[in-house]
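Encoded as structure tokens, the structure appears first; notes follow it.
The values are calculated or read from the model by the stated rules, or taken from the named source; none is laboratory data. Computed from a prediction, not measured in an experiment: that's the story for all the values here. All Cβ positions, even for glycine, are placed from backbone atoms using ideal geometry, and neighbour counts span all protein chains on display. The accessibility values were calculated without ligands, DNA or RNA, using every heavy atom of the protein model including side chains. Shrake-Rupley method; radii C 1.70, N 1.55, O 1.52, S 1.80 Å.
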Amino acid sequence: MHLIWENLVPNLVSLWTGKFKGLDTGSGSYQLPGTVWEAIGEATASAGDTLPSVFGPRLGNISQDRSACTADAWSLWTLYISPVILRSQFAHSRYYRHFVSLVELLHLCLQFEVSRDDIQRIRDGFASWVEKYEEYYYQYSPDRLSTCPVTVHALLHIADGIEASGPVWASWAFPMERFCGELQPGIKSRRHPWASIDRRIQARIQLSHLKVKYNLFQELDLRPPRTATKDMLRRDDTCVLMPPHRYLAPEKGLLDKVIGSLVTRFECSVQAVRSVLPRELDQWGKVRILNDGDTIHTASLTMRHADKRDQTHVRYEVFVDKHQRRRKRQPVYELQTFYGRLEYIFALRFETVEALTALGLDRPTSVILAAIKPCVVTHSHPRLDIHYSSQYGALSLIDIQCIQCVIGRVQSPEKKGLWGIVDRSGALSRALVVDDSN
């Protein structure tokens, strides 16, 4: 994949900006005007504020300086930023559609699991993409042969590599590069660097053996703890609530929504919930999804700094009645996906005798509610998992477990205030519906 991130994509950018080995556009019209490319560079830099850190590194203005763009940076730009900011920027849409075809194939290659049918789609897709590339950029002219480096031909062999070695993540160079980065701090001698590296590797292996043999994974974990355990609130094995921590006396509109959510949850009356609900609600500023999930912030308690990246937008999934507009019909629920901004997190505990009696509970119960302003999706990308929104809907409350992951947003150049919603999680963080009727 490094051939794509560090060669193919930068070469495409050079072609679009008229800086590829002194070639002009020939009979094509793929070159972007200078002002358009400058705007794209500024949009790329601005996207760093609205893409969470888990997406990848913050990118600078690529129209001014591309020297700091690593393979990881080009990957982020290609898969999530460029499909939004390049839309409607070319003189002819065929160049954008051609690039989107490449992005589709790359997403397919990066799947955690790749089926036989997927491999065939990758093989046929890259063959078609290379043919179009030759038509648009090589233009079948010997004078433009430099537009066809070996990295373009290598695309035709990606499907064969997946068949031989498995998905690309099983054999790519990112783990080795990060391992080399971990070894670099151990080099203390310029005269004998190899001896320093040997000692570093030996110490790592010794620590690994001690962890496994004596079950000392926590005791020998050299990473600093993220937050003190006493400042957290854990919910089963699903999530952990993290500071800042406050007590909030909600205004009437928010309080009514909390009461309505609890009435639906416990199937009791409004009066019953009001009688046991505290005047001040236990409010938290962050939630971390366990088992290598994301850390998500609330908009109400997040301090916005100039260099802070937005981690308040989420993807969540809830059951919705297909016939909600027809009250006389029997409800039929289906799982639907939504996007929104996390405003509040409330942790409620019902354990007194009065509370258990009023709510009809037989044991102490904890409830963690997430208050979200949903993004009103106006349209979606016809070929990629990118959705566009320009405003928020009314605040709604859901169970914290409905939140699947953090998402990013990229400002669209087509309309002021229009945002492209991008999700990097794929199928790995999708809710599974289990039929327990039997």
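Structure values in brief
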| quantity | calculated |
| --- | --- |
| Charge context of LEU23, other residues only, Cβ under 15 angstrom, K/R +1, D/E -1 | 0 |
| Angle between the chain longest axis and helix 174-183 axis [Cα atoms, degrees, rounded to 10] | 80 degrees |
| Helix 252-266 axis, angle to the chain major axis (alpha carbon atoms, nearest 10°) | 80 degrees |
| Paramagnetic reach from GLN336 (point 7 Å along Cα→Cβ, amide N under 19 Å) across region 243-287 | 261, 264-265 |
| For the chain, accessible area per residue (1.4 Å probe, heavy atoms of protein chains only), Å² | 57 Å² |
| For region 173-272, the fraction of alpha-carbon pairs in successive 10 Å shells from zero, as % | 11, 20, 23, 15, 12, 12, 6, 1 |
| Long pairs among LYS322/LYS415; LYS257/LYS373; LYS188/LYS211, criterion Cα-Cα beyond 21 Å | LYS322/LYS415; LYS188/LYS211 |
| D_trans [Stokes-Einstein, Kirkwood Rh over alpha-carbon pairs] for region 23-117, 4 °C, 1.567 mPa s, µm² s⁻¹ | 88 µm²/s |
| Translational diffusion of region 351-406, µm² s⁻¹ [Kirkwood Rh, Cα pairs; Stokes-Einstein; 4 °C; 1.567 mPa s] | 89 µm²/s |
| Approximate spin-label separation HIS323-LYS416, in nm, with each point projected 7 Å along Cα-to-Cβ | 4.7 nm |
| Whole-percent carbon and sulfur share, accessible surface of the chain, 1.4 Å | 51 percent |
| Label-point separation, SER269 to SER67 (7 Å along Cα→Cβ), nm | 7.4 nm |
| Extension gain (nm, one decimal) between ARG190 and ALA249, 0.36 nm per residue minus Cα-Cα | 15.1 nm |
| Extension gain from ARG383 to ASP117, taking 0.36 nm per residue of separation minus the Cα-Cα distance | 93.9 nm |
| Positive-end extreme of charge dipole, the chain - chosen from TYR388, SER115, HIS98 (charges on Cβ) | TYR388 |
| Options (i) 1.18; (ii) 1.00; (iii) 1.09 - which one matches Cα Rg over 2.2 N^0.38 Å as calculated here | (i) |
| Estimated dipole of the chain in Debye, rounded to 20 [Cβ of Lys and Arg +1, of Asp and Glu -1, Cα centre] | 880 debye |
| Distance (nanometres) between label positions extended 7 Å along Cα→Cβ at ARG234 and GLN202 | 3.8 nm |
| Gain on full stretching of the segment that runs from HIS305 to ASP49 - 0.36 nm per residue minus C-alpha separation | 91.2 nm |
| Between helix 116-133 and the chain: long-axis angle, C-alpha atoms, 0 to 90°, nearest 10 | 50 degrees |
| Partner lysines for LYS21 [C-alpha distance under 30 Å; skip if fewer than 8 residues away on the same chain] | LYS132 |
